[in-house]
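Data first, discussion second: the structure below is written as structure tokens.
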Amino acid sequence: MLENESFRISIQVTVMKPVKPASKGDETGITPRGKLSAHSVSARNEVDVKKAFASIERIRRTVKRLPAGMKVKDLIEEGRR
């Protein structure tokens with residue numbers, strides 16, 4: 001039981017790393033293997049839709065297109081091997 005508790009605390013610490021700066025208003029990019037995979041920002045009561053779509057578009061431009069014939073499902077299955 002103690003080992004599971006230790007693992008749970010380790011996971012909580014890891015997950016909270018990008019959350020703490022975001023709660024202070026900082027934006028944090030999560031980049032496993034050097035590529036942006038997530039963006040952590042503070043929760044806001046009001047959302048500026050134009051800024052949200054601009055951020056989505058900025059991220060979309062940085063992502064490589066899939067090769068012809070490849071599907072996202074193929075990538076998921078590849079990651080499970």
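The values are calculated or read from the model by the stated rules, or taken from the named source; none is laboratory data. These figures come from a predicted structure and were not determined experimentally. Because the Cβ atoms are built from the backbone with ideal geometry, glycine has one as well, and the counts that use them run over all protein chains shown.
When region 45-66 is filtered for residues that are surrounded by 10 or more Cβ atoms within 10 Å (Cβ to Cβ) and closer than 28 Å to residue 14 by Cβ, the ones remaining, listed by number, are 52, 55, 56, 58, 59, 63.
Just one of the listed residues (69, 34, 29) is loosely packed, with under 11 Cβ neighbours inside 10 Å and within 25 Å of residue 17 (Cβ to Cβ), and it is 34.
Can we say residue 20 is surrounded by 10 or more Cβ atoms within 10 Å (Cβ to Cβ), without any contact (Cβ under 8 Å) to a residue 12 or more places away in the chain and among the basic types (Lys, Arg)? First the steps, then the outcome.
On the way: surrounded by 10 or more Cβ atoms within 10 Å (Cβ to Cβ): yes; without any contact (Cβ under 8 Å) to a residue 12 or more places away in the chain: yes; among the basic types (Lys, Arg): yes.
Judged against the criteria, residue 20 is a match.
For residue 51, the conditions (1) in contact with a strand residue (DSSP E or B) (Cβ under 6 Å, 6 or more places away or on another chain); (2) at pLDDT 75 or above all hold with the exception of (1).
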